[in-house]
1. State whether the residues of the range 129-139 include one that is more than 26 Å from L172 (Cβ to Cβ), more than 19 Å from the chain's Cα centre (by Cα) and not charged (D, E, K, R).
2. Which residue pairs have Cβ atoms closer than 6 Å, lie 6 or more positions apart in sequence or on different chains, and pair a first residue in the range 207-219 that is closer than 22 Å to E245 by Cα and of a type in the set (S, T, Y) with a second residue that is open to solvent by less than 80 Å² (accessible area, probe 1.4 Å) and part of a strand (DSSP E or B)?
3. Kindly evaluate K123 against the criterion of being within 30 Å of D161 (Cα to Cα) and open to solvent by 90 Å² or more (accessible area, probe 1.4 Å).
4. Restricting the search to the range 66-112, which residues are over 30 Å from F176 (Cβ atoms) and hydroxyl-bearing (S, T, Y)?
5. Which of (1) farther than 29 Å from G33 by Cβ; (2) modelled with pLDDT of 80 or more is the odd one out, the single condition V91 does not satisfy?
6. Tell me, which residue of the range 226-248 that is in contact (Cβ under 8 Å) with a residue 24 or more places away in the chain and within 19 Å of the chain's Cα centre (by Cα) is farthest from H177 (Cα to Cα)?
7. On the given criteria, is K77 of a type in the set (K, R) and loosely packed, with under 13 Cβ neighbours inside 10 Å?
8. If a residue must be among the β-branched types (V, I, T) and crowded, with 22+ Cβ neighbours inside 10 Å, how many such residues does the range 213-231 contain?
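The values are calculated or read from the model by the stated rules, or taken from the named source; none is laboratory data. Quick caveat: nothing in here was measured; it's all calculated off a predicted structure. Note that we place each Cβ from the backbone using ideal geometry, even for glycine, and neighbour counts take in every protein chain shown. Just so you know, the surface numbers come from the protein's heavy atoms only, side chains and all, with ligands and any DNA or RNA stripped out. Shrake-Rupley method; radii C 1.70, N 1.55, O 1.52, S 1.80 Å.
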Amino acid sequence: MKNKAAKIIFLISFLPWLLIPVCGILGAIFGVGFFFSTCYGWDGFFLGVLGAVLGMTMIPVLPVCLVYEICYVLHSKVPRLRKVSTKKFFVSALVLCVVVAGSVLAYVFQNEIERTCEKVSAKRLVGRAEVMIPYGTYTSAPDGIYGIEECTCETILIDYDRHEVGFLYNALLGEFHKEKLRKADTEEENQEVMGMTGTGYVQAVVPLSTPGKRLVSFYTEPDNSHLTGALLLEMENGEVYYAKEVREKSTGFECYFGLSDSEYYVGEGKHLLDLETEK
């Protein structure tokens, strides 16, 4: 590629990459805010580099620069591509950069929209929940998770009327998960849900006030006792509501609400009937 403009742009495209270690050095010297503390030295350098990479990826400067650099090198070194006129190849590279930038921005905006919807859903559930139980022990959000002043740590939310259970968790970053529970209508279904035919291992038991009796969380794999895979809401009148497959929407994996680190954790390898026997 002999075009001077293309070569100048190629050289300029390396400036963002040079900016990354500069941000790391500034972070090491002046510090980088990380949640509720400030990090210096190697920690500040790492956070400065990480922040620069993430920031310039989401904008998205780095993906566009990388695409252009690859196109420039290919056109300069690959014999077949040298036959393509500089103008055509330059336009093709520009179009590809626009496509990459658009894809990255679309992904960022989609995540922001989903997060905004989560915040709205969380605030609505907080507004109508009959039960709010804090269970976080290690971290707290002074201004409230998602800005919800009532929830400064991991919190369980229960709406009895709609049979909904929500979790505000990960106090540092803020996450929300809500499950619409299904009623166990038949005796067979009720027995299955109550753990008589292998619903899973009991993770945590949260006692509730009337009209509720208790909320039980389950994990399905012995090696993943920290992950919640099912929920059961038992009422004082004997009604049982459940969600058998609790999964994160974004990944499809079981959820880490932090219940295994709470005071309601019951230990490993126990079924619901084991707890009934212990009583």
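1. So far as the range 129-139 goes, no, none of its residues is more than 26 Å from L172 (Cβ to Cβ), more than 19 Å from the chain's Cα centre (by Cα) and not charged (D, E, K, R).
2. Within 6 Å, the pairs are S217/Q203; S217/A204; S217/T228; S217/L231; Y219/Y201; Y219/Q203.
3. yes
4. Residues satisfying the conditions are Y68, Y72, S76, S85, T86, S92.
5. Exception for V91: condition (2).
6. For the range 226-248, the residue satisfying everything is H226.
7. Numbers: of a type in the set (K, R): yes; loosely packed, with under 13 Cβ neighbours inside 10 Å: yes.
Yes, satisfied.
8. 2
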